[in-house]
Amino acid sequence: MTMTAPVPSFSILLTRRWPAEVEARLAERYAVTLRVPDAPMTRAELQAALRSHDALCPTVTDTIDADLLGVDGRRVRFIANYGVGHAHIDLGACRALGIRVSNTPDVLTDATANLAILLMLMASRRAGEGERLLRAGRWPGWAPTQLIGGDLQGRLLGILGFGRIGQAVAAKARAAFGMRIGFHARRRPEPPSQQAGADYFADLDALVAAADILSIHVPGGAETRHLIDARRLRLMKPGAILINTARGTIVDEAALAAALREGRLAAAGLDVYEREPAVEPALRALENAVLLPHLGSATLDTRIAMGLRVAANLDAFFDGLEPPDRVA
Ligand code: DGY
């Protein structure tokens, strides 16, 4: 008897390259179109993909707006996003068109929280500045007053947005450095978070003014655009530090650059930018800005887990079930 491999019945397109393990897993069930070369797709390419596949698997580098989704002859019925943040997808337009959307929560919480901690340490201990000094051959050798930074122990870490990642950062900062934790969230949380030693600030301005380090963990999108604007940056304590691993649009980058340049803030640690991959030139010129290239979830285990989470959502959708991480 001759065994024939099952013919993949659904066609999916990944807009960027994913870890090989996940691409192989998807190819077992689906007719997968991979992105070659691995660069963001143009709008015309995305529109063609919407016409020729059953599901689209985009990521943060793809803008999926109402105009794009309205393309004539659309075939895509499901958008399985590779990433937890989905501000780049117009969920309202998807709902109106009957397109389901999923994301990848949970699996990147730890990696992203670790990156926020890394930025806190780098910013408070002036690590980027020190490395640049050394690499430029300008290090004159150890000196008692050279590159003096600040400690984390006992400082108030203000967490803006107390979802999975915000809570993970709080737990790590408390356990590793003995930081005090304050947080602001739109909804007052259930008592357990307070029992865990985090103080709820109902007023965002009060948290911004009290924090020694303010770390951002709210979603992007129109609702949070410039939530940290020039006014709130002025409210921050002199010598405070701002950390952003969420979305660049939440912070007014030009106002942040001014606050850093004038020395009102000691430092900032950023992993995300308003107009990625462009970065405000004024920020790039500042020694007290630690700038990473959107590395939050960039560990191999995490990127594989994200892909497997996409696969689970695709499988559920094409089996006629509710995708476990459905957001629209
Ligand atoms: C996420 O998962 O939101 C990361 O920032 C990549 O999009």
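Laboratory data are not the source of any read-out in this text; all were calculated from the coordinates shown. Note that the structure is predicted; figures quoted are calculated from it, not measured. Quick reminder, even Gly has a Cβ in these numbers, built from the backbone with ideal geometry, and neighbours come from all protein chains shown.
Between residue 34 and residue 262, what length comes free when the chain is fully extended (0.36 nm per residue of separation minus the Cα-Cα distance, one decimal in nm)?
Working: separation 228, 0.36 × 228 = 82.08 nm, distance 4.69 nm.
Residue separation times 0.36 nm, minus the Cα-Cα distance, leaves 77.4 nm.
Counting only DSSP beta bridges with both residues in the chain, what percent are antiparallel, rounded to the nearest 5?
On the way: 2 of 40 bridges.
Taking every DSSP beta bridge with both residues in the chain, the antiparallel ones total about 5 percent.
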Taking only the alpha carbons of region 267-311, what extent do you get along each of the three principal axes, in Å, biggest first? 41, 19, 11
Measure nothing fancy, just the Cα-based angle from helix 20-29's long axis to the longest principal axis of the chain, in degrees from 0 to 90, nearest 10. 30 degrees
Overall Cα dimensions of the chain - principal axes, largest extent first, Å: 78, 51, 41
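So what is the orientation-averaged projected area of region 126-194, using the convex hull of its C-alpha atoms, in nm²? Show your work: numbers first, answer last.
Values: hull surface 26.0 nm².
With the hull built on Cα positions only, its mean projection is 6.5 nm².
Counting each pair of different Cα atoms once, what's the Kirkwood radius of region 109-291 in Å, rounded to one decimal?
Numbers: mean 1/r = 0.0604 Å⁻¹.
The answer is 16.5 Å.
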Could you tell me the calculated FRET efficiency between residue 67 and residue 315, based on Cβ-Cβ distance and R0 = 30 angstrom, to the nearest 0.05? 0.50
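Given a Förster distance of 30 Å, report the FRET efficiency between residue 308 and residue 229 from their Cβ-Cβ distance, rounded to the nearest 0.05.
Working: r = 38 Å, r/R0 = 1.28.
With a Förster radius of 30 Å, E is 0.20.
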So if I take the centroid of the Cα atoms in region 268-297 and the same for region 37-115, what is the distance between those two points in Å? 24 Å
In the chain, taking the dipole from +1 charges on Lys and Arg beta carbons and -1 charges on Asp and Glu beta carbons about the Cα centre, the listed residue (124, 59, 32) farthest towards the positive end is 124
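Given a cut-off of under 8 Å on Cα pairs at least six residues apart, what relative contact order in percent is computed for the chain? Write down the numbers at each step before the final one.
On the way: 610 pairs, mean separation 56.5, N = 328.
Result for the chain is 17 percent.
Give me the extension gain from residue 275 to residue 326: residue separation times 0.36 nm, minus the current Cα-Cα distance, reported in nm with one decimal. Kindly include the intermediate steps, with their values, before the conclusion.
Working: separation 51, 0.36 × 51 = 18.36 nm, distance 2.69 nm.
Working it through step by step, the gained length comes to 15.7 nm.
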Let me have the 222 nm mean residue ellipticity of the chain computed from DSSP H runs of 4+ only, each contributing -39500 (n - 2.57), with the sum over all residues rounded to the nearest 500. -10500 deg cm²/dmol
Which of the peptides 88-94, 218-224 is most tightly packed, and how do the rest follow, going by the mean number of other Cβ atoms within 10 Å of each residue? 88-94, 218-224
Principal axis extents for region 53-131, Cα atoms only, whole Å, descending order, please. 55, 23, 20
Starting with the highest mean, order 204-213, 170-179, 134-143 by the number of other Cβ atoms within 10 Å, averaged over the residues of each peptide. 204-213, 170-179, 134-143
Log entry: pair-distance distribution for region 1-155, C-alpha pairs binned every 5 Å from zero, whole % per bin is 2, 7, 13, 15, 12, 9, 8, 8, 8, 7, 5, 3, 2, 1, 0, 0
Extension length gain for residue 145 and residue 171 (0.36 nm per residue less Cα distance), in nm, is 6.1 nm
